[in-house]
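Written below as structure tokens is the structure these notes are about.
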Amino acid sequence: MPDPNGFLRYDRRLPARRPVPVRISDWREVYPPAGEELIREQATRCMDCGIPFCHDGCPLGNRIPDWNDLVRTGNWDAAVESLHATNNFPEFTGRLCPAPCEAACVLGLGGQQPVTIKQVEVEIADAAVARDGLRPRPASAPTGRSVAVVGSGPAGLAAAQQLARAGHTVTVYERDDAIGGLLRYGIPDFKLEKQHIDKRLAQLTAEGVRFRTGVDVGVDVTAEQLRAEHDAVLLACGALQGRDTPETPGRALRGVHQAMAHLVAANRVVAAAGNGRPALATLPDGTPIDAAGKHVVIIGGGDTAADCLGVAHRQGAAGVHQLDLYPQPPTERDAARDPWPTWPWLLRNYPAHEEGGERVFAVAVQEFVDDGTGQVRAVRIAEVTVEKVDGRRIVTPLPGSEREIPADLVLLAIGFEGTEQQPLLAQFGVTRNARGAVDARPDWQAADGVFVAGDMHRGASLIVWAIAEGRAAAAAIHAYLGGVGELPAPVDPARQPLAAR
Ligand SMILES: Cc1cc2nc3c(=O)[nH]c(=O)nc-3n(C[C@H](O)[C@H](O)[C@H](O)COP(=O)(O)OP(=O)(O)OC[C@H]3O[C@@H](n4cnc5c(N)ncnc54)[C@H](O)[C@@H]3O)c2cc1C
Ligand code: SF4
């Protein structure tokens, strides 16, 4: 029986973030552990609703009220079991998810602050590591069937773990030099220290999953070879085709880059400092992977842009501007536009925004300005209005509003255009749709015996969706291989986030 007055007795509280001057001098995570007292207090705020809308907000169907109550009563072992029943990697989502479950929490309906679901999740996840070091759960008997998973992001890893635990022989192929997908080199350490990935990989390895890094499927090994060696293939190659702006004058100048080029390289430098591998010192055009002393302009308003901001400050940027095409969102939910329990359009302040920099809304770059040597020295921006006409975005500059912002380094974080066009697609007989994603039939197959999941299927999305799709695709593969019983399938390929429109 939950505490019916918990939310009346306690306000929503998160652990204090590490002080800005301290945290920007290193790459460690921003949040320290919350401590048992705080987290049990916060779990007490959960009402154990008759209809827990937090479930509908989460594509994994996490049993949120159950584990809130188990934490409240100090029953940590059972909380760990309950959380892992629906989520392979709560240490990733607990740290990184934007928490659609919290936007859907019933407390938000009555003007109260939602339960700190995500923080409770991460504390349970870390308790699991502390208690038994993520005890492996190998299958009791092998099925003799074999699956290739292409791509080692959260979708591929979740599917691999589900399939290995069901007794199938699973090999994960990854073209990068390390496993983890965007978690490894896309997302900086101050959001996710890589020890969390490594601990999970040790568990997957002990459960029988084989990893082959440095293998670009479609190039180093053909689809035909993979199909000959395995009974089914799962494609989980992500949506890594960065959007660009080739029509903007000056795009070819030195110092103007895709954000991911800088971010991935910068994260590799951090990784190299940790394990002794040689650091990459410059980008292909000779630009140092370092914002030290530079005026940095980041174009875009999402996760990638915020991650670039945090990296720039840790590298010692002289100043950072973050430009957004759209007007500044409201700070409170607009119930007419995004009624509870849907995900609201809100001004999102990431910890990186607390660390400095200036956000400029409703502006578009008109030109990257040359310093006379082929190196960018400024961006010329104009204030704009943005309208949707027949589904097309029309951006109109306001006459006389142009101005320059100094820039030595410009990072384009303006989104992704789906999965990359690469040889693997034609070899497996799959194509990109108009959004650049690969469609799946209701049983997750994109071609006979070839399944697809994660960002590659959904388009650039979230870790929680990647895990949900990886689990569901694993269930479909298990059925396709004639496996005994059913694996959990939290979503179907057509499932969309909660929306009012
Ligand atoms: C900078 C950044 C920050 C983000 N921050 C967050 C966040 O805070 N919270 C959140 O929920 N989401 C965040 N996201 C989104 C999230 O990372 C993705 O939705 C998620 O990683 C998708 O998982 P995935 O397994 O589908 O693909 P990915 O993680 O993209 O992994 C795909 C893998 O496939 C590999 N691959 C591709 N082609 C081949 C091939 N031919 N052969 C072998 N391997 C191949 C790639 O190398 C890659 O490792 C962020 C994204 C970015 C870019
Ligand atoms: S909606 Fe909020 S209060 Fe209700 S069960 Fe879920 S977390 Fe608890």
Suppose every Lys and Arg Cβ carries +1 and every Asp and Glu Cβ carries -1, with no other charges. What dipole size does region 66-150 come out with about its Cα centre, to the nearest 20 debye? 280 debye
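If the only charges are +1 at each Lys and Arg Cβ and -1 at each Asp and Glu Cβ, what is the size of the charge dipole of region 1-45 around the Cα centre, to the nearest 20 debye?
Numbers: 9 positive and 7 negative charges, 36 e Å.
Dipole magnitude for region 1-45 comes out near 180 debye.
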How many angstrom separate the Cα center of region 351-387 from the Cα center of region 431-501? 37 Å
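What is the ratio of the Cα radius of gyration of the chain to 2.2 N^0.38 Å, with N the residue count, to two decimals?
On the way: Rg = 23.1 Å, N = 501, 2.2 N^0.38 = 23.4 Å.
That ratio works out to 0.99.
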Residues meeting the amide H criterion for Val369 (H placed from the backbone, H to H distance under 5 Å, 5 or more places apart or on another chain) are Arg377, Ala378, Val379, Arg380
Could you check the simple spin-label distance between Lys199 and Asp177, using points 7 Å along Cα→Cβ, in nm with one decimal? 2.6 nm
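Order 389-399, 249-259, 227-237 from most to least packed using the mean count of other Cβ atoms within 10 Å.
Values: 389-399: 9.3, 249-259: 18.7, 227-237: 22.0.
Ranked from most to least packed, the peptides come out as 227-237, 249-259, 389-399.
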Any lysines whose Cα falls less than 28 Å from that of Lys294, other than same-chain ones fewer than 8 residues away, would be Lys191, Lys194
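So how much slack lies between Val389 and Leu347, counting 0.36 nm per residue of separation and subtracting their Cα-Cα distance, in nm?
Details: separation 42, 0.36 × 42 = 15.12 nm, distance 2.43 nm.
Roughly 12.7 nm would be gained on extension.
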Between the modelled labels at Thr282 and Ala228 (7 Å from Cα along Cα→Cβ) the distance in nm is 4.4 nm
If amide H atoms are modeled at 1.01 Å from N in the peptide plane, then the residues at a separation of 5 or more from Phe451, or on another chain, having amide H under 5 Å from its own are Val233, Leu234, Leu235, Ala446
Once Ala499 and Val360 are pulled to full extension, the length gained, defined as 0.36 nm per residue separation minus their Cα-Cα distance, is 47.2 nm
Looking at the chain only, what percent of DSSP beta bridges run antiparallel? Nearest 5 please. 40 percent
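Suppose a student asked you for the relative contact order of the chain, using Cα pairs under 8 Å spaced at least 6 residues apart; what percent would you report? Show your work: numbers first, answer last.
On the way: 1058 pairs, mean separation 83.4, N = 501.
Once divided by the residue count of the chain, the mean separation gives 17 percent.
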At a Förster radius of 35 Å, what calculated FRET efficiency corresponds to the Cβ-Cβ distance of Arg131 and Val484, to the nearest 0.05? 0.70
Would you order Thr419, Thr205, Thr342, Thr282 from fewest to most other beta-carbon atoms within 10 Å of each residue's own beta-carbon? Thr282, Thr205, Thr342, Thr419
Cα→Cβ-extended label distance, 7 Å offset, between Arg337 and Arg28, nm: 3.9 nm
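Taking the Cα centre of the chain as origin, sum charge times position over the Cβ atoms of Lys and Arg (+1) and Asp and Glu (-1), and report the length of that vector in debye to the nearest 20. The partial results should precede the final answer.
Working: 51 positive and 62 negative charges, 54 e Å.
With only Lys, Arg, Asp and Glu charged at Cβ, the dipole is about 260 debye.
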Note: Asp439 to Glu81 extended length (0.36 nm per residue) minus current alpha-carbon separation gives 125.5 nm
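Would you please give the FRET efficiency between Arg403 and Ala426, computed as 1/(1 + (r/R0)^6) with r the Cβ-Cβ distance and R0 = 51 Å, to the nearest 0.05?
Working: r = 47 Å, r/R0 = 0.91.
Between Arg403 and Ala426 the formula returns 0.65.
Fewest Cβ neighbours within 10 Å first, please rank Arg435, Arg165 accordingly. Kindly include the intermediate steps, with their values, before the conclusion.
Values: Arg435 14, Arg165 21.
The order, fewest Cβ neighbours first, is Arg435, Arg165.
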Listed residue (Gly485, Val376, Ala453) projecting farthest to the positive dipole end of region 347-501, Cβ model: Gly485
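Going by how many other Cβ atoms sit within 10 Å of their own, how do Ser140, Ser461 line up, fewest first?
Numbers: Ser140 7, Ser461 19.
Fewest-to-most Cβ neighbours within 10 Å comes out as Ser140, Ser461.
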Under 5 Å from the placed amide H of Gly357, counting only residues 5+ away or on other chains, we find Val320
Output the peptides 208-214, 60-66 sorted from most to least packed, where packing is the average of other Cβ atoms within 10 Å over each peptide's residues. 60-66, 208-214
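Each value in this text was obtained by applying a stated rule to the coordinates, not by laboratory testing. Worth saying up front: this structure is predicted, and the values here are computed from it rather than measured. Positions of Cβ are backbone-derived with ideal geometry, glycine not excepted, and every protein chain shown enters the neighbour counts.
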